[in-house]
1. List the residues whose amide H sits under 5 Å from the amide H of ASP218, counting only those 5 or more places along or on another chain, with H placed 1.01 Å from N in the peptide plane.
2. Set the Förster distance to 35 Å, then compute FRET efficiency between CYS390 and ASP117 from the Cβ-Cβ distance, nearest 0.05.
3. On full extension of the chain, what length is gained from GLU150 through LYS72, given 0.36 nm per residue of separation minus the C-alpha to C-alpha distance?
4. Using modelled amide H (1.01 Å from N, peptide plane; none on Pro or chain starts), what sits under 5 Å from the amide H of VAL203, excluding residues fewer than 5 places away?
5. Restricting to lysines 8 or more places apart or on different chains, can you count the pairs in region 7-141 with Cα atoms under 16 Å from each other?
6. Once amide H atoms are built 1.01 Å from N in the peptide plane, which residues 5 or more positions from ALA4, or in another chain, come under 5 Å H to H?
7. Taking θ as phi - 60°, what are the ³J(HN,Hα) couplings along region 139-148 by the Karplus curve (6.51, -1.76, 1.60), each to the nearest whole Hz, with x for Gly and Pro?
8. Out of the trypsin sites (Lys or Arg not before Pro) in region 298-405, which ones are loop residues according to DSSP with at most 12 other C-beta atoms within 10 Å?
Amino acid sequence: MAGAIIENMSTKKLCMVGVALLLLQVLAFLVGGLIAPKPTSYVNPVAMKCVDIRKNHHSSKWFLPWGKGQCKSIQTFDEATNGHIEANDIVFAAHIPNSQFEMSPWFQFMLVVLQLDIAFKLNNYIEDNSMVNLNVSVAYRDDLKEEWKELASSMEQRKLNCILPVEKTVANEGRQYDCDVIPLMELGSVSHKYYLFNIRLPVSEKKKSNIAIGEIRDLHVVCIFQNGGFTMVWFAMKTFLTPSIIIIMIWYWRRITMMTRSPVLLEKVIFALGFSMTFINIPVEWFSIGYDWTWMLLFGDIRQGIFYAMLLSFWIIFCGEHMMDQTERNRISVYWKQVGPIAFGSCCLFIFDMCERGVQLKNPFYSIWTTDVGAEIAMAFIIVAGICACLYFLFLCFMVYQVFRNISGKQSNLPEMSKARRLHYEGLIFRFKFLMIITLACAALTVVFFITTQITEGNWKLGDLSIELNSAFFTGIYGMWNLYVFALMFLYAPSHKHYEDGHSNDGAGMSSGEEIQLTTTITHIDGPTEVYRLAGKEAQE
């Protein structure tokens, strides 16, 4: 009878495999921490206050903050008042990036938010629930001598969330409000070199447009994008890891099909996990360098969601198959109570993502965070997802505890056996428990990864050595999942070593040392490992 590699491989070889995987894991963290730059960067130009002296304010004219064709501008709104320039004649113009730089497809995405510098005035202060109306036009070009081409334009409304840190008195006039950033737009690709933003704040007493929003002094157009250097490291990791997982997946399934029995559920879900890992690994992002694929962000979210749904389901099934008796296991329908909520949650997150990035494919200015209802729904989704993730981890810990207790109980009910065979089973169970602990560690590191990347984006400095934390977590966790899936398919593949069932229980004829191989007394249960068959043995047998 053939067992799995995790059981038939000698301790020495198994330790060598473990050390190799550990070194690769450390290398994955070091690649992000020492080689890759931080994942994102930003530019924060202050928009130039251009003056549109035309009567009808035709939208066909683009206002440039600098360079050839630079607009006529003012420094302050007091200057506009003295020059009898109306608020509707002011156009905030910002060029992305700054002069002498270019945007690149390696930046992958572009998130634009606005930061308003608003001063307090007694006769013009920000009222509660104030809204700011923005007439936004965005253009692009790939050469400084080219004409600007319109990319998108829209009339948008955003809520002002500002707090004055001092009392509203005459003495405090001119003090700055503390305002939240205003989401403006998001592009799923950066296919052009230069971008131009023209933003108007149309004022209308009749329509109550941009009334009671304070005295706006400056407008910052903050553009956030992925670092080109990090993108190159990320693409290189994907390109290297993809063939590794594909090769081990094909090798694993070939060994499964060579067995005389049919694959059991556990072997099928391990293969499905490898397939989902391959799906997220395939570096289709290389095409985004040459093509304007704005849907890549949405496609990346979908791939990641499929992988995590498969991973969460695998852990449930992996534990469950080592808890149930043979009459209950090997049926996916048994796990509908556990896998069903995972599938439902994944569908909800998919719908939420479609409501955000799906709509942005048609309207890049759309954001679910721009309205009170949308922001509350989005925040509720995030909170519920965080709570569910914590509950899932606790439930997984409980299932692992149940597995350990079940195997220990079944082990004590086995017939009397020789010392060598008893040590053999103890070694197999220890290896299995160690793998389960590694699984819990992977799950815990994932939780830590999400929390830390949401809280801070910083770096540690050790003397002259700078370690990028976020980059290290991104590459380290990504490498960890690949190594984990690789290890599962390698260790749970059927071993090429076969043994006859006629071996006696007293261990006669067995070689000594690390290469000792023993067979199971449970020959009527099919499964990938002896621990699997042991867990399915009836208690009364």
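1. Excluding prolines and chain starts, which carry no amide H, the hits are ASP117.
2. FRET efficiency, CYS390 to ASP117: 0.30.
3. Full-extension gain reported as 26.0 nm.
4. HN-HN under 5 Å from VAL203: ASN88.
5. So the count works out to 4.
6. Hits under the 5 Å cutoff: SER495, GLU530.
7. 10, 9, 7, 10, 8, 5, 8, 6, 7, 6
8. ARG331, LYS362
The values are calculated or read from the model by the stated rules, or taken from the named source; none is laboratory data. This structure is a prediction, so every number in the text was calculated from the model and none was measured. Glycine gets a Cβ as well: all are built from the backbone with ideal geometry, and neighbour counts include every protein chain shown. Remember, those area values only see protein heavy atoms, side chains included, never the ligands or the DNA or RNA. Shrake-Rupley method; radii C 1.70, N 1.55, O 1.52, S 1.80 Å.
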